[in-house]
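No lab work stands behind these numbers, since they all come straight from the coordinates. All of these numbers come straight from a predicted model, not from anything done at the bench. Cβ atoms come from the backbone with ideal geometry, glycine included; neighbour counts cover every protein chain shown.
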Amino acid sequence: MEDTEKLYDRLISKIRSYNPKVHYKIIEKALFFSAKVHAGKKRESGEEYFMHCYEIANILADLKLDSHTIAAGLLHDVLDFDVKPEAIEREFDRETLELVKSVTKLKKVDTSISLEEEHERRAENIRKILLATSKDIRVILIKIADRLHNMRTLKFLPEEKRKIISQETMEIYAPIAHKLGMYMIKSELEDLAFRFLEPKVYQELKSRVAKKREYREKEVIKIIEFVKTTLKENDIPAEINGRAKHFFSIYKKIMKDNRSFEEIYDLIAIRIITENLNDCYKAFGLVHKLWPHMPERLKDYIAVPKSNGYQSIHTTVIIGQGTALEIQIRDKEMHRQAEEGIASHWRYKGDEQDKKFDRQIEWLKQFLEWKRDNEDSREFIESLKVDLFQKEIFVFTPKGDIISLAENATPIDFAYAVHTDIGNHCKSAKVNNVIVPHDFKLSPGDIVEIQTAKNAIPSRSWLSFVKSSSTIVKIKHALGIEVENKGRKKEVKSPYEKTLAFREGNIYFEGASSNVKIPKCCSPKPGDKIRAFKSKEGKIVVHKANCINLFSYDASREIKAQVSEHKGETYKLRASAQDRLGLLSDILHVIAQEKQNVRQLDTKFGKNDIAIITIELIASKDYDPTSLMDKISKIRSVNEVILE
C-alpha cells in the first residue's frame, strides 16, 4: 500500500482544488484513524481494506463534497470493527458520528444463511439507509460511493454473490443515482452491473462497439471541428466534445427498439457547453440550420427540467447519408448539475456548506413519508422499485407550476401530488379547460385544474386506476384501510366506502368517526332510508327518513348516511396465490365491483411465497358466491379459490 502520508497529500490536494476552506484536521484524523482500525485487514482481492475507504473518499471528493462527508466516507464502516460510537464522537464530532452511524450496516449475520435470508438482510440495510437519508442527503451519497467502489472490485467475489449485488445495483442504486441527477455514476453502475449479470452479452457488445467506434470517432472529430468553427464565426463561445454511449444504454436501445447492433448509429454523441442560457438557444438554432433534425427526438429539458433538476436540449440530426447524430446543448452550470447531480448543491461559503436542496429529493421524501412505519423490508424495497422505475410526465397547474407524475397518471394522482387535502376533497377535474373523468390519462404539457368540495371524499374505485403508489396509500389512509405489517393482516371496510367513510354497526357515515346516537323513536332496519345530523357536541344522531322529529334539526348539519341493504348470510372464501405486489389490491377491487361487503380478511404465508387469503363476506340478497369465485380465480397469480 502507498505511504499513508502520500495518500493524505493526494486527497487533500484534490479537495483543496474546489474547497479552499477545507477542514484539514478532520480529514487528516479520519484518514489515519481509518488506516489504524483496518491495519492488516485484506479484501477478497488481496488489497488492503483501508484502500476501499480511501477510494470512497476519492469518489466523494470527485463529487466536490464537504469535509465532514469525506471524513465519514473514510470512517464509514469502523463501527463494524468494534469501534465504539463514543470514540467517534470524542475524536471527531457529533455530525461525523451521525453520518457514520447512518451508513453502518446492520449487524452481520452468519455466513451460512439462506439466499432468502440474505435478500431480507440486504433489503433491511437499504431501508435503514434510506430512512436515514430523509434526515441528511449525504447518507445516500456516501452509500452510493461505497457501492460504486464495490462494483469496481466485484470480480473478486464468488459468482452467486456477484449476481445478487449486481441485481441490487441495477434495481436500486443506479435508479437512485439517476433520480438524484448523478448521471456519470448512474451510467457506470449500470455498465458494471450489466457486465456481471450478462457477461457473454456484455463482452460481445464491447467487442462490436470497439470495432465500430474507431470509424465513428474519426467522423465525429471532423464534425466537432466543423461545429466549433461555425459557432466561433457566430460569436458563440462554447466547449464541444464527443461522448461515447455507455454499453448498457446501447443494450437497452437494441432491446427496446428490437434492432440489430448494426442498426444502432448513435454510439457517440456531441455535447455543446455554452457560457450562458441565451447561447444555448443560439447554438440550438445554428445546429438545426446546419443539418435536418428528427422532430420526434427533440427534447427541451431547459424549458421543462426533469424532476431531478436535469437541464439540457437534446436533438438528433441527420448527417451524411442518413446517419443519426445526437447533440446535447447546455450551459456550464447545467453541465455541472448533470455531472454531479444533488452533490452540486453543496456550496462552499460562510460555514463551508450551504444545505439548500431543490426538487431532486422530493420523490424520496414523499416515498418515505408513507413508508416510514412499514416494518416489512421486502415490501418496502418492492414498493421502492415501482417508484424508481416509473417513467415521468410533466403537467402544469393553472398558475404554471410544474408537477411531475408517473406516466399515464390521472387527475386524482395530480390532486394528491399537489396536496393530500386536495386529493381527499377532489370533486371534479378540468384538463386544458375541459371537464374530464377522474380516470382520464394525462399527457405531457396538460394544464390540470382540480375543483374541491368540503363534502367530497375519496372513492375506493380510485384505487383501480391511479398510478402512484403514494397516491394509493393516501387514498387507503383516507378510507381507513389499515395495514398491520408485522402480522400481514389487512382490515378492510365495506364497499360503501366508495361514498361513505366509516361504519357504526350496519350504518355507514360520511366523515370521521364520532359517537353515534339512535333515539328511541327510531330503530333503522336493513334497507330503511335514514337521515343523520352532527350535533354541536360532535355526536351523530340518526333518524329514519320519515321520522316526525326531523323538523327540529338544522339542515346545514346533515351528513350522508345509509343502512346496509340487508343483514345477509356470511360466507368465507379461501384463495391461494403466488404473492406479488398489488395482489390484495386486485382481489379487493373485484370484491368491490361485485358489491360484496368484506367483514374480515386474513392473510398468511406458506412456503415459496404462497399467500393464503381468507375472506369473510356478507352476501347481498340473492347473490351467488360462485360469480365472485370465478372472477378472483382469473386474477393473475391466483392458483385456487374455494368456498369454505
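Explain nothing, just compute: Karplus ³J(HN,Hα) = 6.51 cos²θ - 1.76 cosθ + 1.60, θ = phi - 60°, for every residue of the stretch 466-478 in order, whole Hz, x for Gly and Pro.
5, 9, 7, 5, 5, 4, 4, 5, 5, 5, 4, 5, 5
Just want the ordering: Met629, Met182, from fewest to most Cβ atoms lying within 10 Å of their own Cβ. Walk me through the intermediate numbers first.
Working: Met629 16, Met182 28.
With the fewest neighbours first, Met629, Met182 line up as Met629, Met182.
Past 26 Å, Cα to Cα, is the threshold; run Lys21/Lys41; Lys299/Lys332; Lys42/Lys64 against it and keep the listed order. Each step should come with its number before you reach the end.
Working: Lys21/Lys41 33 Å; Lys299/Lys332 19 Å; Lys42/Lys64 28 Å.
Violating the 26 Å limit, Cα to Cα: Lys21/Lys41; Lys42/Lys64.
Using the Karplus equation 6.51 cos²θ - 1.76 cosθ + 1.60 (θ = phi - 60°), what ³J(HN,Hα) coupling, rounded to whole Hz, does each residue of the stretch 437-443 give in order, writing x for Gly and Pro?
So the J values, rounded to whole Hz, are x, 4, 8, 4, 8, 6, 10.
Could you list, in their original order, any pairs among Lys155/Lys206; Lys36/Lys186; Lys454/Lys476; Lys163/Lys252 whose Cα atoms are separated by more than 22 Å? Could you put the intermediate results ahead of the total?
Values: Lys155/Lys206 17 Å; Lys36/Lys186 32 Å; Lys454/Lys476 19 Å; Lys163/Lys252 19 Å.
Among Lys155/Lys206; Lys36/Lys186; Lys454/Lys476; Lys163/Lys252, the Cα-Cα distance tops 22 Å for Lys36/Lys186.
Tell me, what ³J(HN,Hα) does each residue in the stretch 300-306 have, in order and in whole Hz, if you take phi through Karplus 6.51 cos²θ - 1.76 cosθ + 1.60 with θ = phi - 60° and put x for Gly and Pro?
Listing the rounded values in order: 9, 7, 7, 5, 10, x, 5 Hz.
Sum up the charges of everything whose Cβ sits under 14 Å from the Cβ of Glu225, counting Lys and Arg as +1 and Asp and Glu as -1, but leave Glu225 out. Don't skip to the end; give the middle numbers.
Numbers: positive: Lys218, Lys222, Lys228, Lys232; negative: Glu217, Glu219, Glu233, Glu239.
Computed value for this residue: 0.
Please rank Ser585, Ser556, fewest neighbouring Cβ atoms within 10 Å first, as an exposure proxy.
Details: Ser585 14, Ser556 7.
So the residues, fewest neighbours to most, are Ser556, Ser585.
In this model, which of Lys536/Lys595; Lys143/Lys607; Lys474/Lys534; Lys529/Lys595 are farther than 23 Å apart at the alpha-carbon? Intermediate results must be reported in sequence, preceding the final value.
On the way: Lys536/Lys595 34 Å; Lys143/Lys607 33 Å; Lys474/Lys534 26 Å; Lys529/Lys595 19 Å.
As for pairs spanning more than 23 Å Cα to Cα, those are Lys536/Lys595; Lys143/Lys607; Lys474/Lys534.
For Tyr49, Tyr18, what ranking results if the residue with the fewest other Cβ atoms within 10 Å of its Cβ goes first? All intermediate terms of the calculation are to be shown ahead of the outcome.
Values: Tyr49 19, Tyr18 14.
Starting with the residue having the fewest Cβ neighbours, the order is Tyr18, Tyr49.
Where the Cα atoms of the stretch 568-643 are projected onto their three principal axes, how long is each span, largest first, in whole Å?
Cα extents, longest axis first: 38, 18, 18 Å.
Could you tally the net charge around Glu239, taking each other residue with its Cβ under 11 Å from the Cβ of Glu239, Lys/Arg +1 and Asp/Glu -1? Write out the running numbers ahead of the final one.
On the way: positive: Lys228, Arg271, Arg330, Lys332; negative: Glu275, Asp331.
Charge balance near Glu239 sits at +2.
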